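Visitor: Quick one: the structure is below, and I'll ask about it shortly.
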Amino acid sequence: MKAFQVVAGYEPAGDQPQAIAALTEGILRGDKFQTLKGITGSGKTFTMAKIIEAVQRPTLVISHNKTLAAQLYREFKNFFPGNAVEYFVSYYDYYQPEAYVPARDLYIEKDAAINDEIDRMRLSATFSLMERRDVIVISTVSCIYGLGLPETYRDMRIHIEKGKPLDPDEFKRKLVSLQYTRNDAVLERGSFRQRGDVFEIFPAYMEEAYRIDLDWDTVDSIRKFNPLTGSVVTDFEELSVYPAKHFVLKEDAVPNAVLRIREQLAGQLEQFKAQGKFLEAERLKTRTEYDIEMLQEMGYCPGIENYSAPIAGRKPGEPPATLFHYFPDDFLLFMDESHVTWPQIGAMYEGDRSRKQNLVDFGFRLPCALDNRPLKITEFEQRLNQVIFVSATPREAETKRSVRIVEQIIRPTGLLDPLISVRPTEGQMEDIYREVKARIGKNERSLILTLTKKMAEDLTDYLGGMGLKVKYIHSEVETIERVEILKGLRAGEFDVLIGINLLREGIDLPEVSFIAILDADKIGFLRSATSLFQIAGRAARNANGEVVMYADSVTPAMKETIEETARRRKLQQRYNEEHGITPQTIRKAVADILVRENETKEETVRTETAALLNSYNPLIAADRKKLIKALEKEMEQYAEELRFEEAALVRDKIEELGGFPATGRKGGAKPAARPSAGKKKA
């Protein structure tokens, strides 16, 4: 096993050494739950990294949102350049789950736009866990949702060795069973091609491809190469190719799976008929028979995850396999911002269950669809080995479980908690304008926290009209765009960012020196003591950090935040005086948070499009859809380069092919909900 090794230009400082030592000792002693109560800017991520280095365990880091997970991913990648740091979040840019609304007899089909890069990173995470132990996976609560069985994923891999025999026909058949598609024109992720005695495979979990040269039926060489340039990266003596999807099915498992599906179908049909639900029975029979036929012919069907229980042989109610099943038993879990992440995990199951119950009750899905679900909180806890909760404001749920709580109050940079003041709401916009202008003069940034999305958008327009460079961010902004907005704020592309709660936990913005909290005296989750602590923490990475609460009264939550912040400032000032430290604003390079495609992305897009145009069959709907998607990418690329004439020509081609429906969107059109085959419409 390759050892975890932290690479950083500094050593632990402030409260970090004692926190690292205490928590490491607890892990080695076998303590199941511990808490790191670290204030914002105290270097909790570095502390986590040093603990991983000390204990040498495969590690899962769970965060409660994609933006924070992306930031953690980048930080851990920097700390562990020689180890496998992976990213595992939901791969949907857009997701409309399958649903049925009985009151309106309205069936909504599942629709999704999958982010290809994130899909690769998810597969890369499970691939790394199969191949090595020096793995750190940064995840959201996606890790508690069902995946294919790791045993099947591992057993179905194809192992190739140099100098060993390889039957080309058998090899192609196995690749197809692993859900790879053959494409002799363009080598895409998740595809393979054959050129004489040469096979080229582009694994779904990698950024490079493999070239396998045969000498008759013997493997002559195995090389990794860049699929764009063709240049060879390295040679291998042996290689394992893993499935292109997490849900795969062995050929010998199909008959047993189909038998179990048919048994459940028969039971459900009998029940529907006994209840006089003949339409529901016919609907379920038609859909399930079609899926069974697909499984028998292709080993796969749309929505195969809904049959994961009979495929895996699980009994009704048994939890599904998840990312946890891919980790070894001795893995370590860090739950970042645990005061939010723990309750979020607990809430996932019930929401998923209520939606799927309607699908089962009205004949759209078999009852086994209910077992394709997230883990219940009790099941989640059972799968934990050793956990460190990480939060500036841990809740009782975490602290009561913890054997020890380690505080980390002193920042290595000497930075103090921000000054907090309360100002009246009358004239607050004029006051905010003055404060923001003062920060602009110092090349510093500002955040404004509102209570609603509409207010964030309206305030953006208002301040923009006053000549400020301002943007908003909230949950309806796409994941990748959120990352770009935060990067733009740090880079100085604009000066003010307005948001709701996405700006609270863990977002690292050292250029921010001023935070305005509107409606600070309102009672509710967004203005609780926990939320106010987290909001104030965003200004704790800047030596000039200041927080202003705009309110007409002082609530208990505000009072607690102000008093605790004052207590911390005293301790921090005393430490700085004793050690002769002058607070310094954190200086951190503005880098992409997520791994992006290489600089030659535009050439790749145009090469792929040209190949599709040459091989495109207008009579095949799948070909047309694929070509439209490729042309959309090319059009967007031209637009980014300000080559609008070329973009317009591509747009016209898309329209000729039937693209751009009225409800068009990036990644595919959002479908309008349509009526089900109800009684009057049967």
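The values are calculated or read from the model by the stated rules, or taken from the named source; none is laboratory data. Note that the structure is a prediction, hence the values are computed from the model and not measured. Heads up, the Cβs are rebuilt from the backbone with ideal geometry, glycines too, and the neighbour counts pull from every protein chain shown. For the accessible areas, the whole protein counts, side chains as well, though only heavy atoms, and no ligand, DNA or RNA atoms are used. Shrake-Rupley method; radii C 1.70, N 1.55, O 1.52, S 1.80 Å.
Visitor: Can you find, within the range 496-533, the residue that is modelled with the lowest pLDDT among those that are open to solvent by 20 Å² or more (accessible area, probe 1.4 Å), farther than 18 Å from P394 by Cβ and over 26 Å from the mean Cα position of the chain (by Cα)?
Guide: Result: G524.
Visitor: I would also like to ask the following. What are the residues in the range 178-199 that are within 16 Å of I160 (Cα to Cα) and either basic (K, R) or surrounded by 19 or more Cβ atoms within 10 Å (Cβ to Cβ) (or both), if any?
Guide: L178, F192, F199
Visitor: Please verify whether the range 352-367 includes one or more residues that are out of contact with any His (no Cβ under 9 Å at 6 or more places or on another chain), under 28 Å from S124 (Cα atoms) and touching a residue at least 40 places away in the same chain (Cβ under 8 Å).
Guide: Residues of the range 352-367 that are out of contact with any His (no Cβ under 9 Å at 6 or more places or on another chain), as a first pass: 352-367.
Applying the additional criterion that residues be under 28 Å from S124 (Cα atoms) yields 352.
Right, trim to touching a residue at least 40 places away in the same chain (Cβ under 8 Å) and you get none.
No.
Visitor: When you scan the range 402-437, how many residues do you find that are of a type in the set (S, T, N, Q) and either over 30 Å from A13 (Cβ atoms) or surrounded by fewer than 14 Cβ atoms within 10 Å (Cβ to Cβ) (or both)?
Guide: Going through the range 402-437 one residue at a time, the tally reaches 3.
Visitor: Consider the range 371-386. How many of its residues are open to solvent by less than 20 Å² (accessible area, probe 1.4 Å) and either assigned to a loop (DSSP other than H, G, I, E, B) or hydrophobic (A, V, I, L, M, F, W, C) (or both)?
Guide: Residues that pass the stated criteria total 5.
Visitor: Could you list all residues from the range 442-461 that are part of a helix (DSSP H, G or I), under 23 Å from A551 (Cβ atoms) and not polar (S, T, N, Q)?
Guide: The answer is K453, K454, M455, A456, E457, D458, L459.
Visitor: Kindly indicate whether any position in the range 96-108 is modelled with pLDDT under 95, open to solvent by 10 Å² or more (accessible area, probe 1.4 Å), polar (S, T, N, Q) and under 12 Å from the mean Cα position of the chain (by Cα).
Guide: no
Visitor: Okay, next question. If you go through the range 472-495, how many residues are without any contact (Cβ under 8 Å) to a residue 60 or more places away in the chain and either surrounded by fewer than 20 Cβ atoms within 10 Å (Cβ to Cβ) or closer than 23 Å to A113 by Cβ (or both)?
Guide: Going through the range 472-495 one residue at a time, the tally reaches 13.
Visitor: Sticking with this one: Return the only residue of G276, G267 being assigned to a helix (DSSP H, G or I) and either open to solvent by 20 Å² or more (accessible area, probe 1.4 Å) or on the phi > 0 side of the Ramachandran plot (or both).
Guide: Details: G276 fails: assigned to a helix (DSSP H, G or I).
Criteria check complete, one pass: G267.
Visitor: Looking at F389 and the list (1) assigned to a helix (DSSP H, G or I); (2) of a type outside the set (D, E); (3) touching a residue at least 24 places away in the same chain (Cβ under 8 Å); (4) under 30 Å from I51 (Cβ atoms), which single condition is not satisfied?
Guide: With (1) assigned to a helix (DSSP H, G or I); (2) of a type outside the set (D, E); (3) touching a residue at least 24 places away in the same chain (Cβ under 8 Å); (4) under 30 Å from I51 (Cβ atoms) applied to F389, the lone miss is (1).
Visitor: Kindly evaluate G41 against the criterion of being open to solvent by less than 20 Å² (accessible area, probe 1.4 Å) and in a helix (DSSP H, G or I).
Guide: Considered against the rule, which asks whether it is open to solvent by less than 20 Å² (accessible area, probe 1.4 Å) and in a helix (DSSP H, G or I), G41 comes out as no.
To keep it simple, each residue is scored yes or no on (1) at pLDDT 75 or above; (2) not aliphatic (A, V, I, L, M).
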residue	(1), (2)
I562	yes, no
D592	no, yes
R596	no, yes
E632	yes, yes
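Visitor: Still on this structure, I have one more. Starting from the range 421-444, take each residue that is among the basic types (K, R) and list its partners that are open to solvent by 60 Å² or more (accessible area, probe 1.4 Å), counting only C-beta distances under 8 angstrom and pairs at least six apart or across chains.
Guide: K442/N544
Visitor: Let me ask you something else. Regarding G163, is this residue open to solvent by 20 Å² or more (accessible area, probe 1.4 Å), out of contact with any helix residue (DSSP H, G or I) (no Cβ under 8 Å at 6 or more places or on another chain), of a type outside the set (S, T, N, Q) and touching a residue at least 12 places away in the same chain (Cβ under 8 Å)?
Guide: Yes, satisfied.
Visitor: Can you run down the residue pairs with Cβ atoms below 7 Å, 6 or more apart or on separate chains, where the first is in the range 1-27 and within 24 Å of A392 (Cα to Cα) and the partner is of a type in the set (S, T, Y)?
Guide: As it stands, the answer is G14/S42; D15/S42; Q16/T47; A19/T47; I20/T47, since those pairs meet every condition given.
Visitor: Can you tell which of R314, R283 is surrounded by 13 or more Cβ atoms within 10 Å (Cβ to Cβ) and part of a helix (DSSP H, G or I)?
Guide: Checking each option against the conditions leaves just R283.
Visitor: I've got another one for you. Could you tell me whether A70 is in a helix (DSSP H, G or I) and hydrophobic (A, V, I, L, M, F, W, C)?
Guide: Against the criterion (in a helix (DSSP H, G or I) and hydrophobic (A, V, I, L, M, F, W, C)), A70 qualifies.
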